[in-house]
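Asks: I'd like to ask you about the structure that follows.
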Amino acid sequence: MRGAPTILHLDMDAFYASAEQAAKPSLRGKPVIVGGLGPRGVVATASYEARVFGVHSAMAMAQARRLCPNAAFLIPRFSLYRKVSDSVMRLLHTLSPLVEPLSLDEAFVDLEAGGTEATVEAARAVGERLRTDIRAVTGLTGSVGLAGSKMLAKIGSEQAKPDGLVIIEPGTERDLLGPMSVRTLPGVGPATAETLRRAGIHTVAETREAGEAELVRLLGRAHGTSLFLMAEGRDERPVVAERDAKSISAEDTFDVDVTDRTRVQLEIARLADRCVRRLREAGRSGRTVVIKVRRYDFSTLTRSETLRGPTDDPGVVREAAARLIDSVDTTAGVRLLGVGVSGLADYTQEDLFAQAAQAAQAAQAAHEALEGAGHPPGPERPEAVGERAEEASEGAGKPRHWLPGTDVRHTEYGAGWVQGSGVGRVTVRFEEPWSRPGRVRTFAVDDPALEPSEPLPLLRPDAGPGPAPQGEAADPSPDGTTDPAEGMGQGPREAEGPDGSGPKARTGRRVPVVGPVGGRVSR
């Protein structure tokens, strides 16, 4: 424990939802929920306006729709969130060389290592300056906790939300922690909390009073001793600048249980390719391939295979994953599949056998292509399979499954985002982060003038004014209509399209207001 609050914890406020509100002027001050939109989707982040209705992270999306039917339900846009996160992390690195990122929107900073004076006043000044800089650079807000340990700094940032700063001065730890739930302590999850509850331990003060010996008896020596020290307010964990990933993976949850064996194999191959892309983006390789299967009854199993050496070869990973899934019975139904690579390394050991197999496959494909030249494709000769089929479909017709929140650009109307789609129509609101709330227009899903696009920056590139504060309500549209909060009728009162991606779009060029907007949080 330090004698001054020189460990800083930053937590961006409702990060994904706040970024969406900053990017979409029509949603400012209105409830926004970001996450998986399918029947089995989970809430990633809810704006503070949505939290008034009881919506929170990790909640089933179906329940969130019941609690807050008029919210805007949007898919995550991780490319935008990563860009914003990179800007925030650069600001943190100006404070100290010791920055420990925990996620895209959360990090610890050791201010002492950056030369900040070990006083409350100096730490407060740094924290306030950081909050000001974050708003100037990103247009978003973050909450800051300052304390003499990581545990207490994180507790401070939670107490500071939203858009605040809390300092926990050394010497006040025990009084502060005493009445808090034991779940506040790091390492106490549902299972540990239940074990403590059965022993009559509910708060941090009761944990401390139970004594180290009793906690060791209940939880084991390592966990019991660590928990007792935390309850005493003692946390000696240092801020670690580099966190080495133990594995890299990709997984998907399906809206409907998958029972078809061929579909399962195709999904495993697709996930293996996505996992390898992430592996290569991280500049790593791995020697152990792991698959994860969650069945219809929520039972989860894993299978793994260790290779001769580290690899980032998609063919090798795909083949290993295929062998592993062959050993699993999936006939009763699968709700989740995942492929991961562990045993990471910074180098790749070439697999000569895999290279030879790939060369043979390429030669065979070339031979078949020559033999089939001049013959139209028939039932026994599909034009394209796998990735080539996707490329062909993209060339023949642009993606026509428009999900709420997707960035688009129209040749006439410019940049916008999808509010909803269904029955062959897609509804788009045309606005930019620095504009007033924009107009809504509806198009055919295959309109050639409509293209997917990259997210716009949250602040005007010419350093103009940033988005309006998140607590402010949106202005009316230029044409005088009021903007609905919902992502084109995400509430249950509206009929969804056949693909389940959104409500049935109206056939006119404009979409009228559907219903009232949920409440807002006072700041």
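Asks: Based on what the data block shows, is D133 surrounded by fewer than 19 Cβ atoms within 10 Å (Cβ to Cβ), of a type in the set (D, E) and farther than 30 Å from Q21 by Cβ? Full working, then the answer.
Replies: Numbers: surrounded by fewer than 19 Cβ atoms within 10 Å (Cβ to Cβ): yes; of a type in the set (D, E): yes; farther than 30 Å from Q21 by Cβ: no.
Against the criterion (surrounded by fewer than 19 Cβ atoms within 10 Å (Cβ to Cβ), of a type in the set (D, E) and farther than 30 Å from Q21 by Cβ), D133 does not qualify.
Asks: Just the residues that are at pLDDT below 95 and hydroxyl-bearing (S, T, Y), please, taken from region 412-427.
Replies: S421
Asks: Take residues that are open to solvent by 20 Å² or more (accessible area, probe 1.4 Å) and of a type in the set (S, T, Y) and tell me which of the helices (runs of 4 or more DSSP H) falling wholly in region 1-112 contain 1 or more.
Replies: Working: elements: 15-23, 48-51, 61-67, 78-93.
Qualifying helices (runs of 4 or more DSSP H): 15-23, 48-51, 78-93.
Asks: Scanning for something farther than 30 Å from D297 by Cα and in contact with an Asp or Glu (Cβ under 6 Å, 6 or more places away or on another chain), does region 239-250 turn up at least one residue? Working first, answer last.
Replies: Taking region 239-250 and keeping what is farther than 30 Å from D297 by Cα, we get 239-245.
Applying the additional criterion that residues be in contact with an Asp or Glu (Cβ under 6 Å, 6 or more places away or on another chain) yields 239-240.
Taking every residue of region 239-250 in turn, at least one turns out to be farther than 30 Å from D297 by Cα and in contact with an Asp or Glu (Cβ under 6 Å, 6 or more places away or on another chain).
Asks: Right, next: Looking at this structure, is G148 farther than 26 Å from R460 by Cβ, small (G, A, S), buried (at least 20 other Cβ atoms within 10 Å of the Cβ) and touching a Lys or Arg at 6+ places or on another chain (Cβ under 6 Å)? Give the steps one after another, and end with the answer.
Replies: Details: farther than 26 Å from R460 by Cβ: yes; small (G, A, S): yes; buried (at least 20 other Cβ atoms within 10 Å of the Cβ): yes; touching a Lys or Arg at 6+ places or on another chain (Cβ under 6 Å): yes.
Answer is yes for this residue.
Asks: If you don't mind, another one. When the residues of region 151-169 are filtered to those that are surrounded by fewer than 22 Cβ atoms within 10 Å (Cβ to Cβ) and without any contact (Cβ under 8 Å) to a residue 40 or more places away in the chain, which remaining residue is nearest to R2 (Cα to Cα)?
Replies: Here the answer is V166.
Asks: Among V144, V216, V188, which is the only one that is touching a residue at least 24 places away in the same chain (Cβ under 8 Å) and not in a strand (DSSP E or B)? Can you show your working first?
Replies: Details: V144 fails: not in a strand (DSSP E or B); V216 fails: touching a residue at least 24 places away in the same chain (Cβ under 8 Å).
Exactly one of V144, V216, V188 is touching a residue at least 24 places away in the same chain (Cβ under 8 Å) and not in a strand (DSSP E or B), namely V188.
Asks: Listed residues S103, S87; which is of a type in the set (S, T, N, Q) and modelled with pLDDT of 95 or more?
Replies: Details: S103 fails: modelled with pLDDT of 95 or more.
When all the criteria are applied, what remains is S87.
Asks: All but one of (1) closer than 30 Å to L146 by Cα; (2) part of a helix (DSSP H, G or I); (3) open to solvent by 70 Å² or more (accessible area, probe 1.4 Å) hold for A193; which doesn't?
Replies: (3)
Asks: Tally up the residues in region 253-298 that are in a strand (DSSP E or B) and open to solvent by 20 Å² or more (accessible area, probe 1.4 Å), please. Let's see the steps before the verdict.
Replies: First, pick out the residues of region 253-298 that are in a strand (DSSP E or B): 253-258, 285-295.
When the remaining residues are screened for being open to solvent by 20 Å² or more (accessible area, probe 1.4 Å), the result is 253, 255-257, 287-288, 290, 292, 294-295.
Count: 10.
Asks: How many residues, within region 201-218, are open to solvent by 40 Å² or more (accessible area, probe 1.4 Å) and either over 21 Å from I155 (Cβ atoms) or among the β-branched types (V, I, T) (or both)?
Replies: 5
The values are calculated or read from the model by the stated rules, or taken from the named source; none is laboratory data. These numbers come from a predicted model, not from an experiment. Every residue, glycine among them, receives a Cβ derived from its backbone with ideal geometry; neighbour counts consider all protein chains shown. These area figures cover heavy atoms from the full protein model, side chains too; ligands, DNA and RNA do not enter into them. Shrake-Rupley method; radii C 1.70, N 1.55, O 1.52, S 1.80 Å.
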